[in-house]
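Shown next, in structure tokens, is the structure this report addresses.
What follows draws every value from the coordinates through simple rules; no lab data is involved. Given the structure is predicted, the values throughout are model-derived calculations rather than measurements. Cβ: placed from backbone, ideal geometry, glycine included. Neighbour counts: every protein chain shown.
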Amino acid sequence: MSKRVGLPTPYGRCGFCSREDVALTREHVFARWLVERLRAWRVSASGQGLGDTAAQTRIADLVANVCGACNHGWMSSLEVSFRQAVFARSRPERLAAPTRQVLSRWFTKTATLVAYAAAQELIPNDQWSELTNAMPAGIRVGLARIRRPRQPLDLGFEHAHAHADHRSAELTSVAVQVGDLVGIVTRRSPMAVRATTLWPMRSHVLRWTTLPVVNRLSDLTGGEL
């Protein structure tokens, strides 16, 4: 019987903790529990602008390089908090401040890695470390719902120039759909008017039942779908 030879572990700089020459693992952008929960093993992003490779990749197969300490540390804890907030059997009517921060961080972390997997940049790499326990400066997150979503998991990109070559156009927003919930993470453009501002946190009360409803993901991303 021949001996199985494994691939060497790559070493480099972790974008989140900024440690140099650490072992990096190719981790899925969307955790296995979420893909299984939504039965989203085979879905691909319905929009354009994700890059030639990412556009043809199943959403469940998108990967990014992170170190084990980040993956099994703060990222794992954030996944648990997100799951409890979104999929709880009985959740509070209002989105309390801790829940708003959890949702904002999860959608921002996910949108950042989605852009990375598509060889694009939403948040500069030197700001990634802020996500380990807070939110990066200058980031806005909106929240909305989709009426009768076409698929359980989806992505949408928005660029500075809607008709520009996506390889060179400046990425401004990434929308991440989870079930009928959509978070849109924006860095360079105004917040989508059809989404409720989740971050920066404001004093007004947010309720799950009164989130704005859109018909398509493209209603939040400037028509790129």
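Some observations on this one:
- The range 80-156: trypsin sites (Lys or Arg not before Pro) falling in loop per DSSP and having at most 14 other Cβ within 10 Å: Arg89, Arg147, Arg150
- Order of His159, His204 - criterion: other Cβ atoms within 10 Å of each residue's Cβ, fewest first: His204, His159
- Ranked by how many other beta carbons lie within 10 Å on average, peptides 63-71, 111-119 from highest: 111-119, 63-71
- R0 of 41 Å, Cβ-Cβ distance Thr197-His72: FRET efficiency to nearest 0.05: 0.80
- Annotation: average projected area of the range 69-189 is 8.5 square nanometres, based on the convex hull of Cα atoms across all directions.
- Charge tally for Pro152 (other residues, Cβ to Cβ under 13 Å; Lys, Arg +1; Asp, Glu -1): +3.
- Extension gain, Trp33 back to Arg150 (0.36 nm per residue minus Cα-Cα distance, nm): 40.1 nm
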